[in-house]
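Notes for the one structure printed next.
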Amino acid sequence: MTSLLALLSSLISWVLYSSVAAIAPSMVAWIVLRWSERAPVVFNRTYLACLVWSLATLLIGAVAAAHVGITRPPFGPLIASGPFRVALVLSMLIGVMALWRLVPRIDARRIRISSACIAVAVVMAISFGVLTTLASVS
């Protein structure tokens with residue numbers, strides 16, 4: 001019973017942390033998609049796509065970290081490892097597919113896949129910049 005409650009607690013915290021982590025990328029992706037499509041896009045669907053992307057990224061990143069065997073700081077060797085780089089590429093592909101399939105424009109047309117690629121690239125560039133800055137400060 002204890003292990004079942006621990007598993008349930010882990011799943012709930014995974015969803016909660018992912019939903020909080022999806023707010024900033026969804027704002028950035030929404031702005032980029034509005035600019036790239038030159039038409040309004042639906043924000044709540046952008047948030048849903050970023051939530052799916054965030055859930056998948058946390059899961060893939062945890063699997064890659066467990067595979068490499070580095071689950072505690074310092075994370076330098078983890079970031080330099082091959083499986084983690086493959087996990088990042090897979091995460092970006094999932095992000096592009098989630099945005100492309102889930103986000104419509106206001107006129108009910110699907111966004112272009114190139115717009116989804118640009119949005120994912122901008123989100124990843126900003127997140128790498130923030131993480132690099134935070135790592136250099138610590």
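The values are calculated or read from the model by the stated rules, or taken from the named source; none is laboratory data. What you see is a predicted model; the values in this text were computed from it and never measured. Glycine gets a Cβ as well: all are built from the backbone with ideal geometry, and neighbour counts include every protein chain shown. Keep in mind that these areas ignore ligands, DNA and RNA; they rest on the heavy atoms of the full protein, side chains included. Shrake-Rupley method; radii C 1.70, N 1.55, O 1.52, S 1.80 Å.
Overview of results
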{"read-out": "The range 80-138: number of residues that are of a type in the set (Phe, Trp, Tyr) and either at pLDDT 95 or above or in contact with a helix residue (DSSP H, G or I) (Cβ under 8 Å, 6 or more places away or on another chain) (or both)", "value": "2"}
{"read-out": "Where Trp14 falls short, out of the listed (1) among the aromatic types (Phe, Trp, Tyr); (2) surrounded by 17 or more Cβ atoms within 10 Å (Cβ to Cβ); (3) at pLDDT below 95", "value": "(2)"}
{"read-out": "Output for the range 59-72, where each listed residue is over 20 Å from Ala121 (Cβ atoms) and part of a helix (DSSP H, G or I)", "value": "Leu59, Ala62, Val63, Ala64, Ala65, Ala66, His67, Val68"}
{"read-out": "Residues (in a helix (DSSP H, G or I), buried (at least 17 other Cβ atoms within 10 Å of the Cβ) and of a type outside the set (S, T, N, Q)) located in the range 22-44", "value": "Pro25, Val28, Ala29, Trp30, Val32, Leu33, Arg34, Glu37"}
{"read-out": "Flag for Leu99 being of a type in the set (A, V, I, L, M, F, W, C) and closer than 22 Å to Ser127 by Cα", "value": "yes"}
{"read-out": "Extreme residue, farthest from the chain's Cα centre (by Cα), among residues of the range 117-138 that are under 14 Å from Thr46 (Cα atoms) and either open to solvent by less than 60 Å² (accessible area, probe 1.4 Å) or of a type in the set (Phe, Trp, Tyr) (or both)", "value": "Ala119"}
{"read-out": "Residues located in the range 33-51, provided they are under 15 Å from the mean Cα position of the chain (by Cα) and under 21 Å from Phe128 (Cβ atoms)", "value": "Thr46, Ala49, Cys50, Leu51"}
{"read-out": "Qualifying positions in the range 62-114 - open to solvent by 40 Å² or more (accessible area, probe 1.4 Å), among the small types (Gly, Ala, Ser) and farther than 20 Å from Glu37 by Cα", "value": "Ala62, Ala66, Gly69, Gly76, Ala80, Gly82"}
{"read-out": "Residues satisfying the stated conditions in the range 16-30, i.e. more than 16 Å from Ala98 (Cβ to Cβ) and of a type in the set (Val, Ile, Thr)", "value": "Val20"}
{"read-out": "Any chance Arg112 is of a type in the set (Lys, Arg) and touching a residue at least 60 places away in the same chain (Cβ under 8 Å)", "value": "yes"}
